[in-house]
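K.L.:
Input: one structure, supplied below.
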2 protein chains.
Amino acid sequence: MSGVPIEEQLLLPRLLSYASRCHGEIEVVARDTSGEICRQTYAQTELRARRLASSLIARGYGHGTKLAVLAWNTIRYFELFYSVPGIGAALHTVNPRLFIDQIDYIINDACDSVLFFDGATLPIVEQIAERLTNVKTFVAMGARGEFAEAKIPNVVLYEELVEEGDASYEWPEFDEKSAAVICYTSGTTGAPKGVTYTHRSLMLSSLIGSANMPGSPHGERQVLLSLAPMFHANAWNFPFMGPLTGSKVVFPGRDMRPESLYELIEAEAVTGAAGVPSIWRIIVDWLDCNGKRFSTMRQAFSAGSPLPTDLMKALTERYGLDVSQSWGMTEAPNASSGALKPEHNKLPSDAKLTYREKAGREIFGMRLRIVDDQGHELARDGRAVGHLRVRGLWTPHTYINYPDRAALDADGWLVTGDVATIDSDGYVQIVDRAKDVIKSGGEWISSVELERIAMLHPDVERAAVIAVDDERWGERPMLIVTLHAAAKADAQQIIEFMRPRIARWWAPDTVKIVDAIPTTATGKINKVALRKRFT
Amino acid sequence: MSGVPIEEQLLLPRLLSYASRCHGEIEVVARDTSGEICRQTYAQTELRARRLASSLIARGYGHGTKLAVLAWNTIRYFELFYSVPGIGAALHTVNPRLFIDQIDYIINDACDSVLFFDGATLPIVEQIAERLTNVKTFVAMGARGEFAEAKIPNVVLYEELVEEGDASYEWPEFDEKSAAVICYTSGTTGAPKGVTYTHRSLMLSSLIGSANMPGSPHGERQVLLSLAPMFHANAWNFPFMGPLTGSKVVFPGRDMRPESLYELIEAEAVTGAAGVPSIWRIIVDWLDCNGKRFSTMRQAFSAGSPLPTDLMKALTERYGLDVSQSWGMTEAPNASSGALKPEHNKLPSDAKLTYREKAGREIFGMRLRIVDDQGHELARDGRAVGHLRVRGLWTPHTYINYPDRAALDADGWLVTGDVATIDSDGYVQIVDRAKDVIKSGGEWISSVELERIAMLHPDVERAAVIAVDDERWGERPMLIVTLHAAAKADAQQIIEFMRPRIARWWAPDTVKIVDAIPTTATGKINKVALRKRFT
């Protein structure tokens, strides 16, 4: 049919070009791995990204190639999100906290031909360089001096690539369904599996996510700090939402000490920050100890796991932040909106807590539903508990090199592994991981809820609940906790504290007090390790 | 490549299904053509839209067919935006204010096979029914009584189609690049030409437009009144942005009398309304005369032509509205964002006026640029004046039945026919229509600016400037004005008022005071008619 629109493609570099044209003076700020705070405008960033892109093309990398990056959140990493996908190649964002064997496994699995790294990840690269079968070029992101003694063949300096580059390079047009970023799952339940984000999926999740960011009337002129690493679902799209909305974005580099983060927040007048509960815990503890307050920060975004109630209260009541939680996974990042409905946002603090403690609500473009064991959809009444399924504009259907291993159920919905309720407003409440839920006497006990209740006890620092086999009931809950320094509660006191707050048959039969609870590379409780140790 | 996302399509019914699931209790409200105020929730609306869709399918209409609607803004019209595109057909939104010959011409030109109409447009349909060569079914939107005496063959009642329909009908999946809506240009400069909006283009402009709507923190729970008709670029996407953001949307039906609009605004607690300057003029005049104020309305959106300064001041200073202007055309609707940058939004009223008087700024997804007569891009400095070109996610490359008549320049950019400046923040200022600009002694004189200045005179009601041939200068401006009732200014007084406010050589050589200035079907000044009469 004639008269149809020109089919312009949703390609990531359009975001940076737009920012350069219309928000050219707004800055990207990051602490370098050397500790120095670096800054450059979107206009400068776009120019550098184009130079680097043209250098990569000149060296033979282009459409269909895959380039890995093993690094911490810096401006150069930010640039890579444009330079690499911008030429039609895919950027594989590798988690430096993975076991070293997993790192070379996934770089080989993805067939990456370039590896970008920084001063902090150099020691890892030195160990694995020889085992990387496809990597032809190692690119060092930092000053020459940092890499003078590097025991790696073929090291090229990132800055040399930028200098060599052609500033008049123009972003090419290609299919928006091309791979843009590759991210591997953390592999808590098996070998890490590679998920591909296309230009289209990242653009749509950023466009829709920006419209749903709470507290940013037009999205513009916020100052957003990402406490989430770039390799963790693209720092939750901050590298894309910043240029789109004209917000300044700030990255902490490798230095995640609370005093450094606080200094960055105050110096850059950060208005909102996003991170997992464990980083919020570290920040709150430090603020408590040092009697500090935020001058400009008003928003906290949390995801990855539920924010414990005491931490939620500390952030909202003690530090005056508007806290929103959302839900996502590597296979479905930013899949719920943390913004409360306006009528819930107006509620008094206590009533509002009910909604704040949920994992956000259905966002346009990602449909959520819960199903029973047979796959039948359950009611959206906030009470029915079922397996959470998601389907939408940014969910994948397979993993890299696992063509037959679809992550989808029979109806084409992504299996999340979470158990949840959904209410009539679309709020989702994660009840448990399907594999962590305790099946006792035919009923489900939520390990997440037991952990939340245990952590309400003032002496309990962290809590984990696992299922142990039981002849009579099938499974029964075991509670494992760490205590705050100098705390003295014993197992019996903790159980007595919990009893009035839970159903009688939910009470853990055993409480173990331990020195540390093991975590995964992404900071989640490692229940596989706990089960090995205690059952 | 494996691991890529499922390719879900951007299809319009997803918006209504989302609203039904997550904002099910929010209402669509409209005055029916009978004058009655009707209301139904998004949940009810989605159900009715599905029933109607299944009825249309049952009657043989489906993918690739075209269905016309000639009607005023009612709930049924709102439903058509989902029922018709939802089955893969295109909805042709016809302007009842066109000359009657143009109406049957464009319905035939588009090959429409169904015509939806209402009680108000019945007389037009009775006149043209026999000349509509492809229309097989006429669907009456209203109660049976209204159409008892209709002199039209094959009339079916809309409500019967809904009743017949299947509530379990599920929206089908198809290519998002399918035609969804067809809109003809107003034809001021020749025969009307048909522009096609696809599902993709409407979804992207609505997704991005919602994020940029000023004053709606999350977009949610606003009450939006469309003073723009549905056939005017889909009422500026209100039928799509309402369900997307969970805002209540309100439509005035055929009754555009200011007292009726005011009653609707107050009764429905409208928070923002969108319309062309002429409707804002009617509302302000009525408020002034009747000493009324808005209780809930805070936002005014204006587009179509520049808002005169006195009207802008009345809306902002006298009636406390936040006014934003944006720019668009049938071929590029909603092509700029009316939201001011936050730093400009904070300015005191007078300084803010400078930005409010511009036509919005570049919105992500639609690139704007100005070029000289040779097509070279000019500076974005707010001073250079050039031909405005636009290119982006929702611009067409041809018109229906005009495959060779591309509306694009040699570089693939849409020729807008406007002359403009763009500044470094992306704000666009429309200087003139290219065909209306006066070329005097090698320099350009802006008819738009002269009209604006003339209307600052307290006696001048409306002003139009046209070029008249001049032996010495090529062209010279002629000013044509209407005066307010009982105003007494003469031509010389008006020129003397303007002189200190404009460059010396801009002063009109002639001023004509007339009883009325002719307008087009979309309410714009008909300069073709003025030129015929005065030159």
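The values are calculated or read from the model by the stated rules, or taken from the named source; none is laboratory data. Keep in mind that what you see is a predicted model, and the values were worked out from it rather than measured. Heads up, the Cβs are rebuilt from the backbone with ideal geometry, glycines too, and the neighbour counts pull from every protein chain shown. Surface areas here come from the heavy atoms of the whole protein model, side chains and all, with no ligands, DNA or RNA. Shrake-Rupley method; radii C 1.70, N 1.55, O 1.52, S 1.80 Å.
K.L.:
Rg (Å, one decimal) plus Dmax (Å, integer) for the alpha carbons of region B:8-214?
P.N.:
Computed over the Cα atoms of region B:8-214, radius of gyration and Dmax are 16.6, 47 Å.
K.L.:
Enter the per residue convex hull volume of region B:187-329, computed from alpha-carbon coordinates, in Å³ rounded to the nearest integer. Spell out each step's value before the answer.
P.N.:
On the way: hull volume 16.8 nm³, N = 143.
Enclosed volume per residue, from the Cα hull, is 117 Å³.
K.L.:
Over region A:362-504, give the accessible area per residue in Å² for a 1.4 Å probe, as an integer. Display every interim value, and only then the final one.
P.N.:
Details: 6390 Å² over 143 residues.
On a per-residue basis, 45 Å².
K.L.:
Which listed residue (B:454, B:493, A:22) has the Cα farthest towards the positive end of the charge dipole for the protein assembly as shown, taking +1 on Lys and Arg C-beta and -1 on Asp and Glu C-beta about the Cα centre?
P.N.:
The residue sitting most towards the positive pole is B:493.
K.L.:
Using θ = phi - 60° and the Karplus form 6.51 cos²θ - 1.76 cosθ + 1.60, what ³J(HN,Hα) does each residue of region A:351-368 get, whole Hz, x for Gly and Pro?
P.N.:
Those phi angles translate into 5, 5, 4, 3, 7, 4, 7, 7, 9, x, 9, 3, 9, 4, x, 10, 7, 10 Hz.
K.L.:
Let me spell out the model: positive unit charges on the Cβ of Lys and Arg, negative unit charges on the Cβ of Asp and Glu, origin at the Cα centre of the protein assembly as shown. What dipole size does that give, in debye rounded to 20? If you can, show how the numbers build up before the last one.
P.N.:
Working: 116 positive and 134 negative charges, 174 e Å.
So the dipole magnitude of the protein assembly as shown works out to roughly 840 debye.
K.L.:
Then there is this: How big is the gap, in Å, between the Cα center of region A:104-166 and the Cα center of region B:358-420?
P.N.:
44 Å
K.L.:
Sorting A:22, B:111, B:38 by accessible area (1.4 Å probe), largest first, what list results? All intermediate terms of the calculation are to be shown ahead of the outcome.
P.N.:
Numbers: A:22 0, B:111 75, B:38 35 Å².
The ranking, largest first, comes out as B:111, B:38, A:22.
K.L.:
Using a 1.4 Å probe on the protein heavy atoms only, what accessible surface does residue A:99 show? Give it in Å² to the nearest 10.
P.N.:
Its accessible surface works out to 150 Å², give or take rounding.
K.L.:
How do the peptides B:441-454, A:491-504 rank, highest first, by the average count of neighbouring beta carbon atoms within 10 Å per residue?
P.N.:
B:441-454, A:491-504
K.L.:
Quick one: of the DSSP bridges fully inside chain B, what percent are antiparallel, nearest 5? Please list the in-between numbers first.
P.N.:
Values: 48 of 87 bridges.
Antiparallel bridges: around 55 percent, rounded to the nearest 5.
K.L.:
Return the Cα extents of region B:326-423 along principal axes one, two and three, sorted largest first, each rounded to a whole Å.
P.N.:
Here the Cα extents, ordered largest to smallest, are 50, 26, 17 Å.
K.L.:
Could you tell me the total accessible area buried at the A-B interface, probe 1.4 Å, in square angstrom to the nearest hundred?
P.N.:
On the way: alone 22500 and 22460 Å², together 39410 Å².
Rounded to the nearest hundred, the buried surface is 5500 Å².
K.L.:
Whose Cβ in chain A comes nearest the axis that rotates A onto B, and by how many Å?
P.N.:
Closest to the rotation axis on chain A: A:211, 2.
K.L.:
Work the Kirkwood hydrodynamic radius out for the protein assembly as shown: mean of 1/r over every pair of different alpha-carbon atoms, inverted, in Å. Mind dumping the intermediate values first?
P.N.:
Working: mean 1/r = 0.0319 Å⁻¹.
Result for the protein assembly as shown stands at 31.3 Å.
K.L.:
So if I place +1 on the C-beta of Lys and Arg and -1 on the C-beta of Asp and Glu, and nothing else carries charge, what would the dipole magnitude of region A:436-535 be about its Cα centre? I want it in debye, nearest 20.
P.N.:
160 debye
K.L.:
Under a 1.4 Å probe, what is the accessible area of region A:67-163 per residue, stated in Å²?
P.N.:
Working: 3230 Å² over 97 residues.
Each residue of region A:67-163 exposes 33 Å² on average to a 1.4 Å probe.
K.L.:
Oh, and also: Roughly how far apart, in whole Å, are the Cα centres of region B:50-80 and region B:499-535?
P.N.:
If you average the Cα positions of each part, the centres end up 42 Å apart.
K.L.:
So, one more: In Å and whole numbers, how far do the C-alpha atoms of chain A stretch along each principal axis, longest first?
P.N.:
70, 62, 49
K.L.:
Now, a different point. Given N residues in region A:30-91, what is Rg(Cα) / (2.2 N^0.38 Å)? Display every interim value, and only then the final one.
P.N.:
Working: Rg = 12.1 Å, N = 62, 2.2 N^0.38 = 10.6 Å.
Dividing the Cα Rg of region A:30-91 by 2.2 N^0.38 Å gives 1.15.
K.L.:
While we're looking at this one, here's another question. Mind checking which of B:38, B:55, B:208 is farthest towards the positive end of region B:8-214's charge dipole, using Cβ charges of +1 (Lys, Arg) and -1 (Asp, Glu) about the Cα centre?
P.N.:
Value computed over the given set: B:208.
K.L.:
Here's something else I'd like to know. Evaluate peptide B:246-253: per residue, the Cβ atoms of other protein chains within 10 Å of its Cβ; return the mean as an integer. Present the calculation step by step, with values, prior to reporting the outcome.
P.N.:
On the way: counts 5, 0, 0, 0, 0, 0, 0, 0.
Per residue, the average neighbour count from other chains is 1.
K.L.:
Mean shadow of region A:419-535, computed from the convex hull of its alpha carbons, in nm²? Don't skip to the end; give the middle numbers.
P.N.:
On the way: hull surface 33.5 nm².
Computing the convex hull of the Cα atoms and averaging its projections yields 8.4 nm².
K.L.:
If amide hydrogens are placed 1.01 Å from N in the peptide plane, which non-local residues have theirs closer than 5 Å to the one on residue B:40?
P.N.:
For residue B:40, the qualifying residues are B:28.
K.L.:
Rounded to the nearest percent, how much of the accessible area of the protein assembly as shown (1.4 Å probe, protein heavy atoms only) is carbon and sulfur? Spell out each step's value before the answer.
P.N.:
Details: 19460 of 39410 Å².
Roughly 49 percent, rounded to a whole number.
K.L.:
Give me the dipole magnitude in Debye, nearest 20, for region B:218-300 about the Cα centre, with unit charges on the beta carbon: positive for Lys and Arg, negative for Asp and Glu.
P.N.:
Values: 8 positive and 8 negative charges, 27 e Å.
Dipole size: approximately 140 debye.
K.L.:
Ok, one more. Let me have the relative contact order for chain B, percent, based on Cα pairs under 8 Å that are six or more residues apart.
P.N.:
Relative contact order for chain B comes out at 10 percent.
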